[in-house]
Each structure stands twice: as C-alpha cells, then as structure tokens.
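Okay, so here's the structure we're looking at.
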Amino acid sequence: YMEALVDALEVTPADTVLEIGYGLGFSCAAIQRRRPRRHVVVECDPGVRARIPDGADGVEVVAATWQAYLADANDNFPIHEFSAVFFDDFPIVATPSRGSRWRSFLEALVPHIAWAAPPRR
C-alpha cells in the first residue's frame, strides 16, 4: 500500500519531498529508496519522532504539526520549493462536524503551490 502510494509520486533524485507524518516509517523508507535531493518529514508526536533513526540518511525531521509548518511557510523555508508532497492520513475519517483532515490539509496547502512549476515528466 505505502509503496504504491510512493510509486505514484514518481520521486526522482531531482525531487524535494515534503512528507506529513512519519507513522511507522514505511513511506519514509520508500521515498528514501528513490534518493530525493531533499526529504523533509513533519512529525508532531514526540513518541513517533523518537522512533525515527538518528541520522536517517537524507531525512530532515521537523517537530511540528502540518498546520504550524504551513502557517510558518515564508521566505525562510518556501514551501513551494517541494516538488512532491506525501500525506497519508490514516485513517481518513470524515465526519459532518469535522470534515476530512486530508481536505483541510489540501485547503491549507493550495496557497503555497507554485502553479507555474515545470510539469512533471
């Protein structure tokens, strides 16, 4: 499942990947096998962050929620520099009062997308 999701991103060594959440690390490992130029994992849970191997080759870990990370996106770390975003919100549970976290993430991400970016392959 995770491998198929990462396959769909078509990550290459030229890519910069933003990954929201580390979880069990399956997607992180799959992304790293593709050797992207840069790979940032945003993880808010200290217990989960503690499971990320020290010096995970090529992975930058940010201790924040995705909401805080996007809110702080500015000239210091322009989010539009990422060429791929991986967000697997398991389980995606939408309720009438709460909505989907995936939809909330997309709505927060859209203002940061560089629509004029060169097309992918």
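The values are calculated or read from the model by the stated rules, or taken from the named source; none is laboratory data. All values reported here derive from a predicted model rather than from experimental measurement. No Cβ is skipped: glycine too gets one built from the backbone with ideal geometry, and neighbour counts run over all protein chains shown. Ligands, DNA and RNA are excluded from the accessible area calculation, which covers all protein heavy atoms including side chains. Shrake-Rupley method; radii C 1.70, N 1.55, O 1.52, S 1.80 Å.
Table for the structure above
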| read-out | value |
| --- | --- |
| For Leu70: the one exception among (1) assigned to a loop (DSSP other than H, G, I, E, B); (2) at pLDDT 65 or above; (3) in contact with a Pro (Cβ under 9 Å, 6 or more places away or on another chain) | (1) |
| Matching residues, region 1-22, being surrounded by fewer than 17 Cβ atoms within 10 Å (Cβ to Cβ) and not aliphatic (A, V, I, L, M) | Tyr1, Glu3, Asp7, Glu10, Thr12, Pro13, Thr16 |
| Subset of region 80-93 that is out of contact with any Gly (no Cβ under 9 Å at 6 or more places or on another chain) and open to solvent by 70 Å² or more (accessible area, probe 1.4 Å) - its residue that is modelled with the lowest pLDDT | Ile92 |
| Residue check, Leu18 at pLDDT below 90 and at negative phi | no |
